[in-house]
Protein chains: 2
Amino acid sequence: MKSDIEIARAAHKQPISDIAARLGLGAADILPYGHDKAKITHDAIRAQADRPQGRLILVTAINPTPAGEGKTTTTVGLGDGLNRIGARATVCIREASLGPNFGMKGGAAGGGMAQIVPMEDMNLHFTGDFHAVTSAHNLLAAMIDNHIHWGNELRIDPRRVTWRRVMDMNDRALRQNVIALGGPANGVPRESGFDITVASEVMAILCLASDLADLQARLGRIVIGQNADRQPVTARDIGADGAMTVLLRDALQPNLVQTLENNPALVHGGPFANIAHGCNSVIATRTALALSDYVVTEAGFGADLGAEKFLDIKCRLAGLSPDAVVVVATVRALKMNGGVARADLGAENVEALRAGCANLGRHIENMRGYGLPVVVAINHFTTDTEAEIAALHDYCRAHGVEAVLCRHWELGGAGAEDLARTVVAMTAERGAYTPLYPDEMPLWDKIETICKRIYRAARVDAAPGVRARLEEWQAAGHGHLPVCIAKTQYSFSADPAALGAPEGFAIPLREVRLAAGAGFVVAICGDIMTMPGLPREPAALRIGLDAEGQVQGLF
Amino acid sequence: MKSDIEIARAAHKQPISDIAARLGLGAADILPYGHDKAKITHDAIRAQADRPQGRLILVTAINPTPAGEGKTTTTVGLGDGLNRIGARATVCIREASLGPNFGMKGGAAGGGMAQIVPMEDMNLHFTGDFHAVTSAHNLLAAMIDNHIHWGNELRIDPRRVTWRRVMDMNDRALRQNVIALGGPANGVPRESGFDITVASEVMAILCLASDLADLQARLGRIVIGQNADRQPVTARDIGADGAMTVLLRDALQPNLVQTLENNPALVHGGPFANIAHGCNSVIATRTALALSDYVVTEAGFGADLGAEKFLDIKCRLAGLSPDAVVVVATVRALKMNGGVARADLGAENVEALRAGCANLGRHIENMRGYGLPVVVAINHFTTDTEAEIAALHDYCRAHGVEAVLCRHWELGGAGAEDLARTVVAMTAERGAYTPLYPDEMPLWDKIETICKRIYRAARVDAAPGVRARLEEWQAAGHGHLPVCIAKTQYSFSADPAALGAPEGFAIPLREVRLAAGAGFVVAICGDIMTMPGLPREPAALRIGLDAEGQVQGLF
């Protein structure tokens, strides 16, 4: 089989205006970016606001392993499969970050015959959304230092400015700096640093905002630090919210592209899945729901982190009600969860598979706890043996959940028709989504609830001061916010090596941060890198154009 | 009369595909960005390479004053005027930088009835070119620090890295920093800082590159600093040139927009006019020349800086041969050059006008020195008196140069038809452009030649070490490069207060820099700000969206 990039380059793309027409959108409803990308205009989105909403399907997965699960591939395959059986479906996924592609190779959106194109553009500047986030974020930063420089009327404590700058680049040298050196003309020196753009609260805000007015309101609520009285200072206090909104006006419009099978895909927004909620934008999901009968979307990492945040943050804040959950599993990844080393994955090992199924089982149980119907998508690898697949089917049957073998990687939508039919049947009735915890539950209890009920931790060990800060925010009126937990994606626990279904562990809660603009409290349980570095031999060394102007080395 | 932004918003824009069709470009030859912007593809540009070239008209001006000259307005008006009299003309100007608009109000491209639209997009993200320059520049920076971090095989001296980072933002706090703090995982600490994106050598390179291969070759020649033996280290040594080219691939394609009168305009690139050459891209100018009979372009600042660099840097390096020069003057600006204060410009003052004409006369003489026909465009203001205009005509007649009164600001192209006819007549034969100095003249002599023959300085006072560095570069094989002088734009001299036509002054040469990628040596004569700050009350405070989603406060 060809590589992902070979398949993507050979794709028979339709003009993006034709894809838009399939959604009922005319030429004036889109802003083309080249011939294969477009934004759906704010006006077109407003015009769809009252249309009946399609069914919302979340694709999530077991805990990720180096073996790969194929969550995005399954999202795309299911979308194509639904369209093949006559259900009008749109796929909604996140955009890729440009910077990391120059460290490690860039990635497909999906894989094999289940991909979204144009792959190269989506790994480079795409429609400029991330650049707009970078600009808006850094304008606020410049205005903060400018305010301090020109007399500091708000009495901002320069030592307590928490708003950093961002760049869409892997650049470790920017992590920790002293800025504004060189004398009075250059401002007031202080310690600061840069995060990568996808870690920006502005990115999370872009992905949670329902429209331009809500975007501006959220931007205004960003807390940038404290004043001399230790009171929070916001972006609205700085006066930056209006200008930031102007910089993000175009970026808030969802991007329309297509699958290899010429079905519509909205690729929009890309917040981190650890310190942020890791989902594509609310505005894209809502637009897709208004324009299609089925919307297939995914959430970052495994279901413990990604689906939990999709359900308890995105759906809660946006008033979305999902209808079904697809949990993707592979025989290979389950065997790794059952203790097999990566090098030994080629050999049949039904015992290990059975052991690893504990991981799958817990995710199924968790998803059912939200009141949603669940189906397991077995993303087929050619190395899977019949005995292994049978054992996986047995496990699912024993747990009362349907498992469907999928071959979309190899066959495209045709390989996911069975899954598509199952999903259509499962969503004949609307889902009865219940969030894990009510808004009014205190912040600390929310953290405990997630750790105990989703992760199955025995307890949460908070660092000194953490509970006091939570109580402060509770008193300041932020108690209704949901909680966004940043921890390793490899395990239910905080220990990346504890695969399967660990129990009885403690979750160490190191730090909490208030993302008042995005609208959640971040609970940091482990080391979270917000500015990656380049490796010793960065991919950039091999990236270039060939004689035909084609990009080489990016994939 | 309405404001520029009101006129721009009321423009009856044609679909950009119709504007492209006027240039003979089909749908596949352009990449649309929305409905009113497009890039001309690399393939379409290659296909035009052998077509006969139109006439190239440079619009330049007397030294700028706060009274305004209207150089861009005249460029646009002349383009529209040429089209009105049946000459197929395209306008080529630079793109605007996003960052400064959040400090002071953003600007129109042109003014009154002679503008290029869409004005808002062109002041914001436009087609993302500047973001691409930022990314490419900062990727190189990240790769330099990464190289040092992982063993520093090239033995780069961290104290002698001259490659800084860039951001398209006015942010004084980024001018001078200590980076890579926080321990070994964050790299090797060193002093550095940020410039604004338009000051990047990558921007100058984008504007001088003839195609993708030349772009990569130039990027590879960038000198980023010195190694332990004080030998230059290049971007190619770092291995960044290929990846930077990939990031700039789309940005190298010129942007097609339109005038208020629906004539084609290419708006592409935007290097500083002090430490860089201040012209739109070579690729845009060449493409316009292949697609039109007349190309009207402009250069930054007055003719002493802008036209000199256009002629001695851009035309020389690109092999362009201009056919005529339009020197824009206004009665108001000439009166300021003749000693009138801004507040007194309303009153008729023929004497001051005559005195100020010395500035115009010297620019005319300089332009003629390049072997080119010259016409003076009197950009009419409603406050100009008949006596003043008559005196200006008299002055020009006495100096053997035609002066044409232009009313394009008020009337659009109709107000520049006389100028258009004059230009057509002047360019019936090809221009006989001769550069000011030959390539083989030594670098120091080139600097002296510009200072003495164009500025009329008595001498150049070089700071210690400057001549030694020039000799070093001469010996290293850079002696053939042209020279790019960075000095105040307000005077022929280095003293911004010396208006008119000063003589006998010394030019202080503070520093020289090698821009080996762009292909020139920068001679810095005065304080040049490469990272502006925001004012006490930045425009950003008043920028926002109104209830209709329209941008307010940007203009």
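Based on Cα positions only, what radius of gyration and what Dmax would you give for the range B:495-555, in angstroms?
My reading of the Cα-based Rg and Dmax gives 20.2, 59 Å.
Cα atoms only: what Rg and Dmax, in Å, come out for the range B:169-319?
Just the Cα atoms of the range B:169-319 yield Rg and Dmax of 18.2, 61 Å.
What average count of beta carbons from other chains do you get within 10 Å of the Cβ of residues in B:159-171?
For peptide B:159-171, the averaged partner shielding equals 3.
What spacing in nm lies between the two simple spin-label points modelled at residue B:471 and residue B:2, each 7 Å away from Cα in the Cβ direction?
Label at residue B:471, label at residue B:2, 6.3 nm between them.
Going by a ≥ b ≥ c, the root eigenvalues of the Cα gyration tensor, does the range A:355-396 fall in the rounded group (a/c under 1.5), the prolate group (a/b larger than b/c) or the oblate group?
The shape class here is prolate.
Out of the chymotrypsin sites (Phe, Trp or Tyr not before Pro) in the range A:97-154, which ones are loop residues according to DSSP with at most 16 other C-beta atoms within 10 Å?
A:150
Which residues of the range A:183-201 end up with at least 10 Å² less accessible area in the presence of all protein chains than when their chain stands alone, using a 1.4 Å probe?
In the range A:183-201, residues shielded by partner chains: A:185, A:186, A:194.
Show me, bin by bin at 10 Å from 0, the whole-percent P(r) of the range A:122-193 based on Cα pairs.
17, 45, 27, 10, 1
Chains B and A: buried accessible surface, both sides, probe 1.4 Å, rounded to 100 Å²?
Answer for the B-A pair: about 5600 Å² buried.
According to the square roots a ≥ b ≥ c of the eigenvalues of the Cα gyration tensor, what is the shape class of the range B:1-79, taking rounded for a/c under 1.5, prolate for a/b larger than b/c otherwise, and oblate for the remainder?
In terms of gyration-tensor shape, oblate.
Can you pull a Stokes-Einstein diffusion coefficient for chain B at 25 °C (0.890 mPa s), Rh from Kirkwood over Cα pairs, as a whole number of µm²/s?
Estimated via Stokes-Einstein, D reaches 102 µm²/s.
Between residue B:46 and the same site in the other copies, what are the distances in nm, shortest first, taking label points 7 Å from Cα along the C-beta direction?
Result for residue B:46, in nm, nearest copy first: 4.4.
Kindly give the semi-axes, whole Å and largest first, of the ellipsoid equivalent to the protein assembly as shown, taking each as the square root of 5 times a Cα gyration tensor eigenvalue.
Taking √(5λ) for each eigenvalue gives 56, 30, 28 Å, largest first.
Report the Cα centroid-to-centroid distance between the range A:313-374 and the range A:473-541 in angstrom, as an integer.
Value for the Cα centre distance between the two parts: 20 Å.
Based on DSSP H runs of at least 4 residues, each adding -39500 (n - 2.57), what is the mean residue ellipticity at 222 nm of chain A after dividing by all its residues, to the nearest 500 deg cm²/dmol?
My calculation for chain A gives -8500 deg cm²/dmol from helical runs alone.
With θ taken as phi - 60° and the coefficients 6.51, -1.76 and 1.60, list the Karplus ³J(HN,Hα) couplings across the range A:498-508 in order, rounded to whole Hz; mark glycine and proline as x.
Along the range A:498-508, the couplings run 8, 7, x, 10, x, 9, x, 8, 9, 9, x Hz.
If you put a point 7 Å past Cα along the Cβ direction, how far is that point for residue A:410 from the same point in each other copy, in nm, smallest first?
Listed shortest first, these distances are 7.9 nm.
Run through the other copies and list how far each one's label point is from that of residue A:536, in nm with one decimal, shortest first; the point sits 7 Å from Cα along Cα-Cβ.
Copy-to-copy label distances for residue A:536: 5.6 nm.
Could you calculate the FRET efficiency of residue A:88 with residue B:537 from 1/(1 + (r/R0)^6), where r is the beta carbon distance between them and R0 is 41 Å, rounded to 0.05?
Working from the Cβ atoms, E equals 0.20.
Dividing the convex hull volume of the alpha carbon atoms of the range A:443-525 by its residue count, what do you get in Å³ per residue?
Considering the Cα atoms of the range A:443-525, their hull volume per residue is 77 Å³.
A 26 angstrom limit on the alpha carbon distance is what I want to check against. Which of B:309/B:452; A:335/A:446; A:39/A:314; B:13/B:335; B:37/B:487; B:39/B:446 exceed it?
Over 26 Å Cα-Cα: A:335/A:446; B:13/B:335; B:37/B:487; B:39/B:446.
Regarding the range A:136-248, what are the three Cα extents along the principal axes, ordered largest first, in Å?
Largest first, the range A:136-248 extends 43, 34, 23 Å along its Cα principal axes.
Taking only protein heavy atoms into account and a 1.4 Å probe, give the accessible area per residue of chain B in Å².
Solvent-accessible surface per residue comes out at 33 Å².
Check each of the GluC sites (Glu not before Pro) in the range B:455-555 and keep only those in coil by DSSP with at most 15 other C-beta atoms within 10 angstrom; list them in order.
Those that pass, being in a loop and sparsely packed, are B:503, B:548.
Under a Cβ-Cβ cut-off of 12 Å, what is the net charge of the residues other than residue B:297 that fall near it, where Lys and Arg count +1 and Asp and Glu count -1?
So the surrounding residues net to +3.
For the protein assembly as shown, with all protein chains present and a 1.4 Å probe, just round the carbon and sulfur fraction of the accessible area to a whole percent.
50 percent
Mind checking A:123-131 for the average number of partner chain beta-carbons within 10 Å of each residue's beta-carbon?
That works out to 4 on average.
If I take R0 = 41 Å and measure r between the Cβ atoms of residue B:229 and residue B:528 in this structure, what FRET efficiency does the formula 1/(1 + (r/R0)^6) give, to the nearest 0.05?
For residue B:229 and residue B:528, the calculated efficiency is 0.85.
I need the calculated FRET efficiency for the pair residue B:185 and residue B:394, taking r as the beta carbon distance and R₀ as 51 Å, to the nearest 0.05.
Once the sixth-power term is evaluated, E becomes 0.10.
Helix by helix through chain B, keep the DSSP H runs that span 27 Å or more along the axis on Cα and average at least -0.5 on Kyte-Doolittle, and give those back in order.
B:129-149
Let me know the shape class of the range B:334-461, please: from the alpha-carbon gyration tensor, a ≥ b ≥ c as square roots of the eigenvalues, rounded when a/c is under 1.5, otherwise prolate if a/b is greater than b/c, or oblate.
The shape class here is oblate.
Would you mind getting the Kirkwood hydrodynamic radius of the range A:268-416 from its Cα pairs, rounded to one decimal in Å?
After inverting the mean inverse Cα-Cα distance, the result is 16.5 Å.
The values are calculated or read from the model by the stated rules, or taken from the named source; none is laboratory data. Model, not experiment: these values are computed from the prediction. Heads up, the Cβs are rebuilt from the backbone with ideal geometry, glycines too, and the neighbour counts pull from every protein chain shown. For the accessible areas, the whole protein counts, side chains as well, though only heavy atoms, and no ligand, DNA or RNA atoms are used. Shrake-Rupley method; radii C 1.70, N 1.55, O 1.52, S 1.80 Å.
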